[in-house]
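The values are calculated or read from the model by the stated rules, or taken from the named source; none is laboratory data. As the structure is a prediction and not an experimental result, all values here were calculated from the model. We place every Cβ from the backbone using ideal geometry, glycine too, and count neighbours over all the protein chains shown. Ligands, DNA and RNA are excluded from the accessible area calculation, which covers all protein heavy atoms including side chains. Shrake-Rupley method; radii C 1.70, N 1.55, O 1.52, S 1.80 Å.
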Amino acid sequence: MGGELDFAVELHEIAPPAVTGVAAVLEPLVVVEELFDDGDEVLVLEPDIWESVDVVPVALADAPFVIRSPSVRLDRAELRTMSLLETTCVAPVARIAPPAILAQRPAPIDVMRRRPTPPGAVSKTDLRSHLLALFKASRCASPSDLALVGIYHRVPGGAIGSVAMDAESLVIRLAPERRARPATLIVGRVKASEKLVTVEISA
């Protein structure tokens, strides 16, 4: 296409509208108060105070005044009785079984320790008779099968329950139910079984 496009815009001037206005008169409310002018000097007036006078009637001047105050009065107490409810209390009879009484002795009383009497302090006659009694009680075949442990004087004869060796001391356990008597205890040892053999001789 060989044609040309052409757009034309036509502009026209328009006169502005005329300005119209309404004139109004403003009348604000202004309150003006006139103050009293005392001048240059300030005058202060003192208050006029009169003394108070109590006026009392003559009839009441000499009469005593009655001062009333609140009081509390308690009426007599009223006793009211009421029957108690009938109740029955049932409880089992308390029975305490008698305690068991066990007769015992302290351990230090039942056990005592003794050291042997030196052989030199025993006479030859007593030593011979003690060794012979020990050999008969041991029932050994030969005196060489038995060894002397010691001879102990002032022991409770008849109340000895058992004996044992503790180092160089002989521990004697007593039998509380037996009655003791002064005696001499000869203790020996069987070499084959290391068993202790004892025999008591009354002092």
Can you list, bin by bin at 5 Å, the percent of alpha carbon pairs in the stretch 81-181, starting at 0?
2, 8, 12, 14, 14, 9, 6, 4, 3, 3, 3, 3, 3, 3, 3, 3, 2, 2, 2, 1, 1, 0
Most packed first (mean Cβ within 10 Å per residue), the peptides 157-164, 112-119 order as 157-164, 112-119
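Would you mind calculating the gained length between residue 166 and residue 115 on full extension (0.36 nm times residue separation, minus the Cα-Cα distance), in nm to one decimal?
Details: separation 51, 0.36 × 51 = 18.36 nm, distance 1.03 nm.
Difference between extended and current length: 17.3 nm.
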Probe radius 1.4 Å, ligands and nucleic acids ignored: give me the carbon and sulfur share of the accessible area of the stretch 93-203 as a rounded percent.
56 percent
Amide H neighbours of residue 175 under 5 Å, counting only residues 5+ apart in sequence or on other chains, H built in-plane at 1.01 Å?
160, 161
Report the calculated FRET efficiency for residue 194 and residue 103 (r = Cβ-Cβ distance, R0 = 25 Å), to the nearest 0.05.
0.10
